[in-house]
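Every number here is computed from the coordinates shown, using simple stated rules; none is lab data. Here the structure is a predicted model, which means the values were calculated and not measured. Here the Cβ positions follow ideal geometry from the backbone for every residue, glycine too, while neighbour counts run over all protein chains shown.
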Amino acid sequence: MQSKWIWYRGDFEIYHGLKLHRRRTEYGIDIPAFWNEPTVYPTVTFEKTYEAKGEGYIKILSTGKGYVRFDGGKYPVNSDIFFSEGTHSILVTVSDPWGLPCIYAVSDTVATDRSWRVSDNTCEFINAGDNPAYTDPAIPPSEFPFSYKRIFPKNTRQVGDGVLYDFGEETFAELVIENSVDTAGLSVYFGESAEEATDTAESYLFEKLDGKMSYRLNACAFRFVYIPEKLAASLKLSAYYQYLPLEDIGSFECDDKLINDVWKTCAYTFHLCSREFFLDGIKRDRWVWSGDAYQSYMINNYLFHDNDITRRTITLLLGKPPYKQHINTINDYSLYLICGVYDYYFSSGDSDFIKFIMPRVQALYDFTVSRLDERGYIVSKPGDWIFIDWADIDKTGACAGEQMLLYKAMRAMSKLYAACGRDGSGYDNDAASLREKIDRDFWREDRGAYIDSCDSGNEKVGRHINVLALMTGVADEDKKKKIIEKVLKNEEIPHITTPYFGFYELDALCECGELEYAVEQLRSYWGGMLKLGATSIWEQYLPHEKGAEHYAMYGMKYGRSLCHAWGAGPVYLLGKYFLGVKTTSVGAETFEVRPHTGGLDRIMGTVPLNGGYVYVEYENGKLKVYTDKDGGTLILGNKKLALKKDENLIVEPVNP
């Protein structure tokens, strides 16, 4: 019997989200998130009725002020309560207006866990929230359980009067400075690049020292640290790398070293951005953006398959109804969130979470459709941001991409209803009707493509909207073929410039069997960053840029993030399409393995499944597949072979 700290379910995520979204600084200025955020319930009440088989005791610890009602009597928190055999009822009211109201039971008879019920004092009780990381009564949930590793500079060199310290790769760490001289007034400059760290007039992150003998500074992103004063040579620097100890279950290796390095760099990038929640990047925003997170859910399933971080991220993003603006103020990000909830259910089979979160999903969907125009289309309303990507997209009036995402969200709502044992066929009907309108208003048969906007009159055809047509399922098989030939393989149409939508483009192409093209993109686009010295994947990469031009964005000389989660997509692509592992039913009860080399001579690696994994290896015409799960099928052309749990399946000769 092990107690855990317990709280109002969902408030743990909101509490840590509020802390996270207030940590961003730039040029010494605090920059909190600009969207509306919910708050933690300041006062909550917990209840539990249990049967004691003999005498016992209980002491309730709390993070705020409150009291215990035990069998009708009132007791202060943190006091021993003794009881006899029989049925007992406990009510605990706790108030913490500046933190997270929680309780913890010290008892020989009853433990605090998710079986307790909790209310926001509206008389409606739900099961409490808990987390296996919080079983120690001395460690309250107000502190997130990061791990730490001491790291040291790989090399140093003199720059001007000062010293530039190179830690060898991008990291997120608490810098430690030990000194024997007066450091008052000294400044420390951080940089993802050497140029940023040494450009003291433009450096995005810096700290001013106040003369202490040693420092452990706030955690931030950097590879380089620059101290411009002569006394820098007398200082001793190290750092504590702050991270979430997620296990790499996924792996990939092939005969192409550059592809291997791309996979490893993407995996490391994703580790850095997987923290309390899935973050966009570790230097600039450090915020939770729903569009970025949607890709992170996908990548997570092919690297960690950690359901907890996905649940935390979804819970934070959904917040609490009523909704008065879109998630992150972005229309498409609300739709990605609805789709992401279903995708999480499909990969995990976590029906308990879906039932808990569904009222919030419903409220977000209802808010979204309440703002449709008379045609049933999403259009920009005051306060909205139609994003899609950093690209020249015609978003005038009704933008096709938003309607396509709405179609996908409608389909997701139908499936979520089914997961909750309800009839969602009305959402399917709405989706079918919307698809007909999208084809009528946006498809241009003579161009084999969808146009960006049906309201501007520009008839612009670009990659983004047509990629969305493929990834949302709006385009039928005939339209898919035309889009691939007329748009995605058309060099006259400007290329996508961010790994964000570059990933979606490759996902759509791989789904259609274009793996050789994907290999070349991994080499040229992702590999292009590595050839320039990247140790993590950037927010954007423009091959024509030179030198420090690669670091500029948003009007800032070093505004571009050089460690961005949406760049880690190759982990997903190589696992799903090359190793060929794909979940085919809820919770990975069934799955398929359909390997394809994409022109590579050798591939091998592991893909996590919900509670298990698959190992695939191909070389010299010999294919080996192993899994520790039941329900798998190996597919080679028209041939299907059952995979047996804990048995190697070897097939040769074969040419996948």
Mind checking the range 591-656 for GluC sites (Glu not before Pro) that DSSP puts in a loop (not H, G, I, E or B) and that have at most 16 other Cβ atoms within 10 Å? Glu647
Amide hydrogen neighbours beyond the local backbone of Arg9, cut-off 5 Å, H modeled: Gly129
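If you restrict to DSSP beta bridges whose two residues both lie in the chain, what percentage is antiparallel, to the nearest 5?
Bridges in the chain are about 95 percent antiparallel.
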May I ask you to derive the relative contact order of the chain, considering only C-alpha pairs under 8 Å and at least 6 residues apart, and to give it as an integer percent? 11 percent
Could you give each residue of the range 122-136 its phi-based ³J(HN,Hα) in whole Hz, using Karplus coefficients 6.51, -1.76, 1.60 with θ = phi - 60°, and x for Gly or Pro? 10, 6, 9, 9, 10, 5, 5, x, 8, 7, x, 6, 10, 10, 8
Would you mind checking which residues have amide H under 5 Å from Ala449's amide H? H placed 1.01 Å from N; only 5 or more apart, or other chain. Arg444
For the range 640-655, in residue order, the Karplus 3J(HN,Hα) values (coefficients 6.51, -1.76, 1.60; θ = phi - 60°; whole Hz; Gly and Pro = x) are 10, 10, 6, 9, 9, 4, 6, 10, 6, 10, 10, 10, 7, x, 8, 9
Calculated P(r) tail over 21 Å for the range 6-127, as whole % of Cα pairs: 44 percent
The range 134-212: relative contact order as a whole-number percent, Cα under 8 Å and 6+ apart: 21 percent
Students often check this: by mean Cβ neighbours within 10 Å, which of 44-50, 123-129 ranks highest, and how do the rest follow? 44-50, 123-129
Interchain or long-range residues, amide H under 5 Å from Phe278's placed H: Thr313
The answer for the net charge of residues other than Phe125 whose Cβ lies under 9 angstrom from its Cβ, with Lys and Arg +1 and Asp and Glu -1, is -1
Proximal aspartates and glutamates relative to Lys19, as straight alpha-carbon distance under 12 Å, when same-chain residues fewer than 8 apart are discounted: Glu37, Glu143, Glu276
Helix-only CD estimate at 222 nm, as mean residue ellipticity for the chain, using -39500 (n - 2.57) per DSSP H run (n ≥ 4): -8500 deg cm²/dmol
